[in-house]
1. Of the conditions (1) under 28 Å from Leu325 (Cβ atoms); (2) surrounded by 18 or more Cβ atoms within 10 Å (Cβ to Cβ), Trp55 satisfies every one except a single condition; which number is it?
2. Looking at Ala333, Ala296, which one is over 18 Å from the mean Cα position of the chain (by Cα), in the same structural domain as Arg264 (by TED's automatic domain parsing) and crowded, with 17+ Cβ neighbours inside 10 Å?
3. Only one residue in Thr353, Thr376 is within 28 Å of Lys313 (Cβ to Cβ), without any contact (Cβ under 8 Å) to a residue 12 or more places away in the chain and under 22 Å from the mean Cα position of the chain (by Cα), so which one is that?
4. Taking region 324-347 as the search range and keeping residues that are free of Cβ contacts under 8 Å to residues at least 40 places away in the same chain and among the acidic types (Asp, Glu), which one is farthest from Glu211 (Cα to Cα)?
5. Tell me which strands (runs of 3 or more DSSP E) are completely within region 180-297 and hold 1 or more residues being of a type in the set (Gly, Ala, Ser), or say none if there are none.
6. Within region 115-160, which strands (runs of 3 or more DSSP E) (wholly inside it) include 1 or more residues that are closer than 26 Å to Gln47 by Cα, modelled with pLDDT of 95 or more and in contact with a Lys or Arg (Cβ under 6 Å, 6 or more places away or on another chain)?
7. What are the residues in region 179-234 that are within 16 Å of the ligand (Cβ to nearest atom) and without any contact (Cβ under 8 Å) to a residue 40 or more places away in the chain, if any?
8. What number goes with the only condition from (1) away from the ligand (no atom under 16 Å from the Cβ); (2) touching a residue at least 12 places away in the same chain (Cβ under 8 Å); (3) touching a Lys or Arg at 6+ places or on another chain (Cβ under 8 Å) that Ala103 does not pass?
Amino acid sequence: MDLRFTAEEEAFRREVRAFIRDNLDPVTHRKMVDGRVPTKDEIVAWQRALNRRGWATPSWPKEAGGPGFSAAERYIFLDELHQAPAPEPLSFNVGMIGPVIHAFGTSAQKERFLAATANIDIWWAQGFSEQSAGSDLAALRTTARREGDAYVVDGHKLWQGMAHHADWMFTLVRTDPGAPKRQMGISFLLIDLRSPGITIRPIVTLDGRHEVNEVFLDEVRVPLDCLVGAENAGWDVTKFLLSNERTGIARIGMTKHLIRRVKRLAGTDEAMMRKAAAIEAELKILEITQLRILDAQQGSNTPDPRSSVLKLKGVELRQAASELLLEAAGPKALEVVGDDEPFGSGDDEWLGTIMPNYAILRAASIYGGSSEVQKTIVAKTLLGLG
Ligand SMILES: Cc1cc2nc3c(=O)[nH]c(=O)nc-3n(C[C@H](O)[C@H](O)[C@H](O)COP(=O)(O)OP(=O)(O)OC[C@H]3O[C@@H](n4cnc5c(N)ncnc54)[C@H](O)[C@@H]3O)c2cc1C
């Protein structure tokens, strides 16, 4: 097994780095470096710049309008974005619904949605979770019944990331409450969020930001042609979507960026440098694991159960790095800076983003499959336990 990148792949890395340097808006870049959250307009502008270059949808095959990257190119591309740092392509659009529509959609749905999704002419939200349906997603209760030319949807979705920016939401609904298995009565619907009967309410999280929401659906009429896949076969679509959600989930480049910041603050503090080195050593091991998985994946699009290790360990290391950054910043981290506050001239105002980012990063062990669920997958599929 050769874990080195080829000369062509190294050349591709330089090309991506140069593109980011020349095309990422300086204000968006400064926000990313400082740990602020870019605005909707800034995220859209960057994705459109990537789209003009043909790179907005790194995981899409050529026939879906994507660049047709190899697994190694996809990894290099995301690693450069994370390290720059630059915003990732919008995951709801690019990592989730785009590949689903390409794999399961009708030709009319592909025509209507794929290009608009790549360019964020449509911003999507993910309407899966509910109050008692998170890890146990098949417990969902939102219902849809057929009435003439539409489904009528009733229910309450919880934790919809950035739904207040969204135009449409891909949603799981129960279409057959009497199905012999819970998974067999679920359908996958695309819902226009401007439809009558929809209320989106903000949830402000521990970091003081408004990124997640709850979405209430009250007798919402959804045209029948917004069903993806067959009625009651939404679980197959969901499994496909969730396996894609793990691509690039280790976010090693983001942790490298955090460690660079720790070192900047640590100066000559040896104890702090030693802690940073301990995280870096583990990060190197994770990176080698990632490359081994990539090597095994070349030419295959089947999800690898080892990606659970990447998610689990990637999150642990990112959380450890953010904790160390908090320690290095000390009380200055408590002078919180809002995402939209004008930039001051102070060299250390970015310290005010450390505390909120530390807080919200705790949630990374819950979304995208919680750490406990990942451990169960590792135990069953990799260790052969249970
Ligand atoms: C910041 C954030 C953004 C999110 N964005 C979205 C979004 O955009 N769209 C969306 O639909 N959802 C979103 N979610 C919801 C997310 O998918 C759920 O929070 C997640 O699936 C966990 O579900 P839950 O919150 O109901 O917790 P639960 O599933 O109730 O879990 C509670 C605890 O029990 C543990 N647990 C559960 N089952 C088991 C088990 N079988 N074995 C061992 N331990 C177990 C879990 O690990 C966890 O620690 C988001 C969540 C957060 C926090």
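The values are calculated or read from the model by the stated rules, or taken from the named source; none is laboratory data. It should be emphasised that the depicted structure is a prediction, and the values quoted were computed from it without experimental measurement. Please note: Cβ atoms are built from the backbone with ideal geometry, for glycine as well, and neighbour counts cover all protein chains shown.
1. Tallying (1) under 28 Å from Leu325 (Cβ atoms); (2) surrounded by 18 or more Cβ atoms within 10 Å (Cβ to Cβ), Trp55 fails exactly one: (1).
2. Ala333 is the lone residue from the list that is over 18 Å from the mean Cα position of the chain (by Cα), in the same structural domain as Arg264 (by TED's automatic domain parsing) and crowded, with 17+ Cβ neighbours inside 10 Å.
3. Thr376
4. Asp347
5. Here the list reads 186-192.
6. 124-127
7. Matches in region 179-234: Ile198, Arg201, Pro202, Val204.
8. So Ala103 meets the others, but not (3).
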